[in-house]
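The structure appears right after this line, and notes come after that.
Please treat every number below as a calculation from the coordinates, not as lab data. Being a predicted model, the structure only gives us computed values, none of them experimental.
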Amino acid sequence: MIDPLAHAHMNLVGGVVLLAMCVTFYLLPIFTGKKIYSTRLVDHTFWWVSTGVYSFYVIQMVFGIWEGLLMHSAPEQISAAHRFYGPVMAISGSTMLIGFCTFLANVLLTITASPSSDKNLLNSASV
């Protein structure tokens, strides 16, 4: 059944990975002595990953319930229902991927930013 994946992904990606990202954004300026490259990218990271995780959860729950109902009423239709699963999950996974990429870009840009450009970056990020 599809349903147990929803629980695991809510805990792992929704909790642990978002926590690790937040801790990274907190500790990176302390360790590097540089300001975070873009607070807007931090916001985008949070919303893209959160939207992807919760859509993943909803999709898993809906397909799990649908699959369970079909197992009791019409087991021969389960494979027909699964043809929707891949494309819908790809959209959800791509949403999470966008968040992961914005996180990675922000971390790399923070690490590689020159110390003299920190003031310029802060001024342009707050506008």
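In order along the range 80-91, phi translates into HN-Hα couplings of 5, 5, 6, 5, 7, 4, x, x, 5, 5, 5, 5 Hz, rounded to whole numbers, per the Karplus curve 6.51 cos²θ - 1.76 cosθ + 1.60 with θ = phi - 60° and x for Gly and Pro.
The ellipsoid that matches the Cα gyration tensor of the range 38-112 has semi-axes, each √(5λ) in whole angstrom, of 36, 10, 6, with the longest given first.
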